[in-house]
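The values are calculated or read from the model by the stated rules, or taken from the named source; none is laboratory data. Predicted, not measured: the structure shown is a model, and the values here were computed from it. Quick reminder, even Gly has a Cβ in these numbers, built from the backbone with ideal geometry, and neighbours come from all protein chains shown. To get the accessible areas, we keep the full protein, side chains included, count just its heavy atoms, and leave off ligands, DNA and RNA. Shrake-Rupley method; radii C 1.70, N 1.55, O 1.52, S 1.80 Å.
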Amino acid sequence: MNASFLAQKFAAALPYDAYVRTGTEEQQRRWRQVYDAAQLTADQRRLLTTFRRDMKVLIVSGIWCGDCVQQCPLLQRCAEGNREQIELRLLDRDEHRDLSQKLRINAGDRVPVALFLAEDCELCSVAGDRTLSRYRALAAKQLGAACPLAIAPPEQGELAATLQDWLDEFERIQLMLLLSARLRQKYGD
């Protein structure tokens, strides 16, 4: 997955609102429901406004996918926190098999998978299919008392915890870009 290939995929991808409109009425309602429930805190918004390097986020998704419904709106909220520096787009996993086959997780075609890219589409990170908070919540629900999960966040906090997980990845990539020798040389900082 070189920068040229990822640039082509990013160019073919849809902005968040256009991607959501590809779904059925019910799918769109579900995506809107999570988007409306997800809100950045003042501190989270303040952090995002400090970002100085451009970054692109390419999400391989499925409009039908429950995990995508639960997480892609959170990624969009993070991107909205600094529209000047963060550009987010989504691709359908099944329509872009040449990419999704390179992103198999645990031998599966999992979604969502977020590719964090530099301004020139150099790959910085691949994250997916779920954040740690999302996995903890699912484990607590599906594994029950047989699995001790005292560190799992409470169910009512899952959305906020998952949003923070994604924000942490945005911040990690921003710091990577700020400290990148090639970008520091390019921008003289």
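Within straight-line reach of residue 186, meaning a Cα separation under 23 Å, sit the following lysines at least 8 residues removed in sequence or on another chain: 56. Using a 1.4 Å probe on the protein heavy atoms, what percent of the accessible area of the chain belongs to carbon and sulfur? Ligands and nucleic acids excluded, carbon and sulfur give 49 percent. A prolate overall shape is assigned to segment 72-111, the ratio a/c of its alpha-carbon gyration tensor axes (a ≥ b ≥ c) being 1.5 or greater and a/b exceeding b/c.
Of the beta bridges in segment 25-162, as assigned by DSSP with both residues counted there, near 65 percent are antiparallel. Compactness check for the chain: Cα Rg over 2.2 N^0.38 Å is 1.03. Relative contact order for the chain: 24 percent, from Cα pairs under 8 Å spaced at least 6 residues apart, divided by residue count.
Extending 7 Å from the Cα toward the beta-carbon at both residue 29 and residue 142 defines two label points whose distance is 2.6 nm.
Rounded, prolate or oblate: which fits segment 11-85, taking a ≥ b ≥ c as square roots of the Cα gyration tensor eigenvalues, rounded meaning a/c under 1.5, else prolate when a/b beats b/c? Oblate, since a/c reaches 1.5 and b/c is not below a/b.
Segment 30-58 and segment 93-120 have Cα centres spaced 21 Å apart. The H on the amide N of residue 129, modeled in the peptide plane, is under 5 Å from the matching H of no residue at least 5 residues off or on a different chain.
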